[in-house]
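Just below is one structure, and these are the notes that go with it.
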Amino acid sequence: MAAIILDGKNLAHISEDSIKNEVSDLKNKGINPTLATILVGSDPSSETYVRMKRNTCKRVGMESIAVELPESTTTEELLSSINSLNNNEGVHGILLQHPVPSQIDERKCFDAIDINKDVDGVTCLGFGNMAMGLPAFGSCTPAGIMRLLEHYEIEIQGKNAVVVGRSPILGKPMAMMLLNKNATVTICHSRTQKIEEIIKQADILVGAVGIPEFIKYEWIKDNAVVIDAGYHPEKCGDIDLENIESKASAYTPVPGGVGPMTINTLILQTLQSAQKIKT
């Protein structure tokens with residue numbers, strides 16, 4: 001049986017049509033869904049990511065506000081900008097593009113974002129609520145992956161899931177989301193001993209370690225569901241996907257798998273934030 005391609009690009013396209021209609025409905029009620037993006041410095045990759053997010057807003061009829069701050073910005077100056085957006089009733093979502101320059105306390109700034117506007121799922125409070133099964137906006141990449149698994153009716157309950165990576169906005173929330181769906185979850189990272197033996201037990205494998213093709217093809221269990229959340233300049237992910245269709249039961253392509261769902265989830269959660277406003 002041929003492996004299922006978990007096509008995030010196609011699902012994001014379908015979702016955008018739905019979002020566009022719901023944005024139009026909100027506008028008819030006098031609510032204009034708005035995402036504020038904060039970019040500190042001029043990192044080319046960050047500029048590209050922010051531009052893609054703003055372009056997606058435009059496609060679905062959402063407004064976006066671009067806050068661009070210089071490389072020399074201090075933690076206090078960034079906190080002031082975040083606080084201003086928190087107090088702006090016309091802003092429904094706030095995105096602080098990661099990473100920020102090294103002199104800034106990024107965690108402090110993430111946690112300054114109003115929980116109701118944390119549509120990128122970066123605050124400690126949002127993570128805690130999500131992990132405990134309480135309402136929260138999930139971190140966009142793992143939340144997008146969960147939407148992809150649900151769309152393709154991938155069974156999670158009772159499965160052995162291995163997440164390779166432990167970042168606060170990808171690996172850790174990914175593990176909690178899978179756990180909340182009754183998977184048995186193991187978290188690995190670049191320093192895990194005998195990592196290949198652990199990965200060989202994975203019914204669901206998520207590569208989120210940030211190292212090109214760190215996970216080797218021969219480590220992957222037959223008929224595993226393979227999710228590659230990495231993308232590198234070499235145009236590859238965190239997993240060696242060559243010939244993966246002959247081994248996996250389902251997999252995300254790189255590109256076109258996880259990436260489109262990350263941005264789509266950010267836009268969807270901005271819409272959901274705006275929908276909470278009482279007219």
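Rule-based calculations on the coordinates, nothing more; no lab input. Bear in mind the structure is a predicted one, so any value in this text is a computation, not a measurement. All Cβ positions, even for glycine, are placed from backbone atoms using ideal geometry, and neighbour counts span all protein chains on display.
Between the alpha-carbon centres of the stretch 123-137 and the stretch 251-279 there is a gap of 17 Å.
For GLU155, the shell of other residues with beta-carbons less than 13 Å away shows a net charge of -1, using +1 for Lys and Arg and -1 for Asp and Glu. When the helices of the chain are scored as -39500 (n - 2.57) per DSSP H run of n ≥ 4 and the total is divided over every residue, the value at 222 nm lands at -12500 deg cm²/dmol.
Summarising the amide proton neighbourhood of SER64: residues at separation of 5 or more, or on other chains, whose placed amide H is nearer than 5 Å comprise LEU35. Qualifying GluC sites (Glu not before Pro) in the stretch 14-65, where qualification requires a DSSP coil assignment and no more than 13 other C-beta atoms within 10 Å, are lacking entirely.
Using a/c under 1.5 as the rounded threshold, could you call the stretch 117-163 rounded, prolate or oblate? The axes a ≥ b ≥ c are square roots of the C-alpha gyration tensor eigenvalues, and prolate needs a/b larger than b/c, oblate otherwise. The shape class here is prolate. Label zone (GLN103, point 7 Å along Cα-to-C-beta; backbone nitrogen cut-off 13 Å) within the stretch 42-77: 70-77. Protection proxy ranking, highest mean first, for peptides 113-122, 23-32, 3-12: 113-122, 3-12, 23-32, where packing is the per-residue count of other beta-carbon atoms within 10 Å, averaged.
Over 32 Å between C-alpha atoms is what I'm after, so list which of LYS181/LYS247; LYS9/LYS247; LYS27/LYS108 land there. Table pairs above 32 Å Cα-Cα are LYS27/LYS108.
Within a straight-line Cα-Cα reach of under 13 Å, LYS200 can be paired with the following aspartates and glutamates, leaving aside sequence neighbours fewer than 8 residues apart in one chain: GLU218, ASP222.
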